[in-house]
Each structure stands twice: as C-alpha cells, then as structure tokens.
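Read the structure below first, then the notes.
The values are calculated or read from the model by the stated rules, or taken from the named source; none is laboratory data. Since the structure is predicted, the reported quantities are computational estimates derived from the model, not experimental observations. Here the Cβ positions follow ideal geometry from the backbone for every residue, glycine too, while neighbour counts run over all protein chains shown.
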C-alpha cells in the first residue's frame, strides 16, 4: 500500500524564508556568544506578577492568576489554567478578576 504523503527532498519551508548563514563568520567565540545571549535574555525577560483576589476586607484571599509583563503588553493565565488573556498593562488585566463588590483583585510583584 502506498503512503498517502509525498516526500520530497525540498528544503523545509522555514529554510526558504531564512537566509543560509553557511558563508557567514561567527560573531565571536562560543563562550562570548553564550554571554551575549544571556544578556539578551536578561534585558528582555518579562516581569512576573500575581493577580490576587481579596475576599471582603482581609477576610480571605488567593492567587487567582500569574502574569508576565512584557515591554508592550502582559499575558495572564489563571491558576486553574482555564483563562488566558492578553492586556495592555497589568492594571488592565485586573478587570477580569473582579467579582462584584466582594472580591477585589490586586497586583503583587514577587
């Protein structure tokens, strides 16, 4: 029985979009390059924050979600994993976690 997929020797689609670096020289040695990448990671890492919900006036509370604040937006995921959202700012993300007048959300930065 013939396989339903046709296999070709064509390069993968991303390789058609990305220039071949084979003729380019490395920027530096492996250790220095690793340090450069580490600096990029440090400079662009999002800030972690929690959305906590306060029930009543200090009656109870819980962590409702965790978020990552990037330079131009935030991504938030509920602790149950059922709600994911993107917002312009951490403060804007709080709106989804207010439940009437009795449950008030707050931001907390670890």
When you scan region 73-110, how many residues do you find that are in contact with a helix residue (DSSP H, G or I) (Cβ under 6 Å, 6 or more places away or on another chain) and either closer than 18 Å to residue 61 by Cβ or in a loop (DSSP other than H, G, I, E, B) (or both)?
3
Could you figure out which of (1) farther than 25 Å from residue 101 by Cα; (2) in a strand (DSSP E or B) isn't true of residue 51?
(1)
Within region 75-84, the count of residues that are farther than 14 Å from residue 49 by Cα and surrounded by 12 or more Cβ atoms within 10 Å (Cβ to Cβ) comes to 1
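For (1) within 14 Å of the chain's Cα centre (by Cα); (2) surrounded by fewer than 12 Cβ atoms within 10 Å (Cβ to Cβ); (3) at pLDDT 95 or above, each residue gets a yes or a no:
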| residue | (1), (2), (3) |
| --- | --- |
| 31 | no, yes, yes |
| 64 | no, no, yes |
| 73 | yes, no, yes |
| 90 | yes, no, yes |
| 106 | no, no, yes |
| 110 | no, yes, no |
